[in-house]
Amino acid sequence: MKRSTRRRLIQGALYAVFAAVVLLIVLAADWAKIRSNFFDLDVAAASFPEIVTIAAKNTIVYTAIAFLGGLLLGLVLALMKLSPVLPYRWLATGYIELFRGLPALLVIFAFAYAVPIAFQWHPPGGNAGAGLIALIIVSSAYIAETIRAGIEAVPKGQVEAARSLGMNSAWTMVTVVLPQAFRIITPPLTNELVILIKDTSLLFIAGMAIGDRELTTFSRDALTSQANATPLVVAAAMYLIITLPLTQLVAKLERHNKRGR
């Protein structure tokens, strides 16, 4: 048997298995129960407009705050890790490794409950503010490594050319290295933004006031009050509406970077 014929037979068998599995699922599923428990239009309608005006809005606001805070702190950490001053490198490396190694949920729980109890600390913005501080701290550790990689990816010749023109190290970093580094790391930074959008769902552990709820907390409360899973499906749709354009943007930026090389 020819190799091409064998390949077609294998592909045909795989398609047949896939079709059989889909047919089995279609025949075995209780579609009436699925519709009433996950796609109840009346329950879905009851989620509006609050799921947009409160939950989705808070999700976007929390993401923006966590991303901007993490970006600024991450930039400082990246520069510290590349510093010729040894204690700065040790401090930045310890911070990055610590918070990249800890689950974000654990850090949020610590800042929402353990730290306030231990130090009688009242975080700005209440529990939501404590959760955001934790997200900033965790995201900054990942963003710092992304920025560091971007800085190191800038050709050394660019730095040498700037220094030959009489620029000092700090001015070379600000005007030559960082602009090129951020151009290189735009796709991974956008991907980090998408991850942060989903990580805001972890803020539920902090205990949110009604007006502070993001999409996951809002849908969980609606699920509990209405004994129906449709609010979770609506929240999932809202997450996709927010994240899918960003994931497409990441793919477009990556293609653009590949063409530019």
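The values are calculated or read from the model by the stated rules, or taken from the named source; none is laboratory data. This structure is a prediction, so every number in the text was calculated from the model and none was measured. Note: ideal-geometry Cβ built from the backbone for every residue, glycine included; neighbour counts use all protein chains shown. Keep in mind that these areas ignore ligands, DNA and RNA; they rest on the heavy atoms of the full protein, side chains included. Shrake-Rupley method; radii C 1.70, N 1.55, O 1.52, S 1.80 Å.
Before moving on, here are some points about what is shown:
- Scope the range 192-230; condition without any contact (Cβ under 8 Å) to a residue 40 or more places away in the chain and not in a helix (DSSP H, G or I); matching residues: ALA227
- In the range 231-250, residue surrounded by the most Cβ atoms within 10 Å (Cβ to Cβ) [restricted to those that are polar (S, T, N, Q) and touching a residue at least 24 places away in the same chain (Cβ under 8 Å)]: THR243
- Every condition in (1) touching a residue at least 12 places away in the same chain (Cβ under 8 Å); (2) open to solvent by 60 Å² or more (accessible area, probe 1.4 Å) holds for LEU86 except the one numbered (1).
- Out of VAL22, VAL52, one residue alone is of a type in the set (Val, Ile, Thr), surrounded by fewer than 11 Cβ atoms within 10 Å (Cβ to Cβ) and under 33 Å from the mean Cα position of the chain (by Cα). It is VAL22.
- The residues of the range 166-185 that are open to solvent by 50 Å² or more (accessible area, probe 1.4 Å) and β-branched (Val, Ile, Thr), listed by number, are VAL174, THR175, ILE184.
- The set of residues in the range 191-229 that are open to solvent by less than 20 Å² (accessible area, probe 1.4 Å), touching a Leu at 6+ places or on another chain (Cβ under 9 Å) and not aliphatic (A, V, I, L, M) comprises THR200, GLU214, THR217, SER219.
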